[in-house]
Amino acid sequence: MIKNTTPYIGKLRLKFEKYPEYTGKSKLNKIHLDLGFTKLVSRVIPVRTSAGWVINPECKYLIDRHTNGKIGSHYFGDTPALKREQHLPNSFLTKEGDYVGDVERGWWYYKNNMKVCEQYPHGVAERYDDEGNLIGYHGYTHRGGQTFKIGDRLFDPSYKPKEEDYEEWEWAGWENKYLKSYDEGDDLDKRWMIQEGIAYVMPYNKRGQKVIDNFEECLQAAINMSKELS
């Protein structure tokens, strides 16, 4: 039986699609088989009301209970009247009511053992292991994300990677990856690679001179990366 992995109530349908990541009247649920030229996927057709897609109450409960956030309406506007009229239902909010994202963002937090970061709620999350221990901070935007842990590098967007700052095997691996990517890239890729240098193929948690030795620095690295990708 196919499981609904989204936070919405709806019907599931199997389809063959080459590019299934779009969202319209339905939403990608899961890729079951990737054949290269096409994919066998399941899609959810959510139940819709005047307020939008209907959220599975069990998903809402799990988000509210485990993420240090809550699902509610986000009100905005310059006056009380506008705030009553202008709001986003089923938003993912901090406990204090600050906007973090939509319900799918909250569901993503739950599925990845993450909690709202009160110091920087929009763009950084606390990351936990399966036993509930804090392991680092996850910086993210719509362009990507990275978890920073003790022992990683404190991300600095102005830092230019130097060979002497890394182990020989690390640097050699990035050099090989850079050369391979350059050979396989198109003209636009090559322009970006020339501009960024070897940092183009380095993970964000390796792009910095200082080694992280506490959670405060993990948080700062995540904030730096989130700002850089915004």
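Taking the range 97-134, which residues are over 16 Å from Lys149 (Cα atoms), part of a loop (DSSP other than H, G, I, E, B) and either of a type in the set (S, T, N, Q) or free of Cβ contacts under 8 Å to residues at least 12 places away in the same chain (or both)? Those that are over 16 Å from Lys149 (Cα atoms), part of a loop (DSSP other than H, G, I, E, B) and either of a type in the set (S, T, N, Q) or free of Cβ contacts under 8 Å to residues at least 12 places away in the same chain (or both): Gln119, Glu131. Taking the criterion of being of a type in the set (Val, Ile, Thr) and assigned to a helix (DSSP H, G or I), the residues of the range 186-230 that qualify are Ile194, Ile198, Val201, Ile223. Quick check on my filter: what residues within the range 1-27 are assigned to a strand (DSSP E or B), over 19 Å from Gly101 (Cα atoms) and of a type outside the set (D, E, K, R)? Hits for the range 1-27 are Gly10, Leu12, Leu14, Phe16. Contact map, the range 210-230: residues that are charged (D, E, K, R) paired with residues that are surrounded by fewer than 16 Cβ atoms within 10 Å (Cβ to Cβ), Cβ distance under 7 Å, separation 6+ or inter-chain. Pairs shown: Asp213/Ile150; Glu228/Pro157. Restricting attention to the range 31-49, report how many residues are at pLDDT below 95 and small (Gly, Ala, Ser). The qualifying residues number 1.
When the range 50-95 is filtered for residues that are outside any strand (DSSP E or B), at pLDDT 95 or above, among the aliphatic types (A, V, I, L, M) and more than 20 Å from the chain's Cα centre (by Cα), only Val54 remains.
The values are calculated or read from the model by the stated rules, or taken from the named source; none is laboratory data. What you see is a predicted model; the values in this text were computed from it and never measured. Note that we place each Cβ from the backbone using ideal geometry, even for glycine, and neighbour counts take in every protein chain shown.
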